[in-house]
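Below is one structure, written out as structure tokens; the observations come after it.
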Amino acid sequence: MGDRQWFVLYVLICLEVGVFLLLVPWSLIWERNYFLETYPALRPLFLDSMFRGAVSGLGVANIYLGLNEVIGRKTRNSNSTELFPGGIPLGKRSPNARTSATDDGERQTVATREKHS
């Protein structure tokens with residue numbers, strides 16, 4: 001699976017879990033579930049409005065994460081600058097500079113290496 005498919009899957013899971021956590025605490029499914037019938041002592045906690053609101057808040061956070069990823073990816077794609085191996089942005093590189101390998105395998109421009117010598 002490619003990077004794009006994993007990204008779409010991640011966003012869909014965030015949105016789906018978010019909508020689920022946002023809506024289910026206020027539905028009949030929440031009031032009539034296995035845990036409340038098996039452990040009646042949990043009923044006051046699970047049916048408390050503040051607890052339901054906290055679970056819904058987690059749902060809002062999941063939805064926010066999914067949407068933030070989509071917006072962030074669009075912003076990163078439009079503002080991306082390709083870097084050369086020495087970490088120099090594509091637009092800031094001198095046209096006469098050459099790259100060469102150093103002893104430790106790093107690449108840097110000849111002008112930068114000569115400056116440090």
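With the checklist (1) at pLDDT 70 or above; (2) assigned to a loop (DSSP other than H, G, I, E, B) in hand, flag the one item Gly105 doesn't pass.
The single condition Gly105 does not satisfy is (1).
Anything in segment 14-35 that is under 24 Å from Arg76 (Cβ atoms) and in contact (Cβ under 8 Å) with a residue 40 or more places away in the chain? List them, or say none.
If the condition is that a residue be under 24 Å from Arg76 (Cβ atoms) and in contact (Cβ under 8 Å) with a residue 40 or more places away in the chain, then Cys14, Leu15, Val17, Gly18 are the ones that fit.
Got at least one residue in segment 33-54 being basic (Lys, Arg), outside any helix (DSSP H, G or I) and loosely packed, with under 15 Cβ neighbours inside 10 Å?
Pass one, segment 33-54, residues basic (Lys, Arg): 43, 52.
From the residues that got through so far, the ones that are outside any helix (DSSP H, G or I) too are none.
Taking every residue of segment 33-54 in turn, none turns out to be basic (Lys, Arg), outside any helix (DSSP H, G or I) and loosely packed, with under 15 Cβ neighbours inside 10 Å.
Assess whether Leu58 counts as being surrounded by 12 or more Cβ atoms within 10 Å (Cβ to Cβ), touching a Lys or Arg at 6+ places or on another chain (Cβ under 8 Å) and of a type in the set (A, V, I, L, M).
Judged against the criteria, Leu58 is not a match.
The values are calculated or read from the model by the stated rules, or taken from the named source; none is laboratory data. Keep in mind that what you see is a predicted model, and the values were worked out from it rather than measured. With ideal geometry, Cβ positions are generated from the backbone for all residues, glycine too; neighbour counts draw on all protein chains shown.
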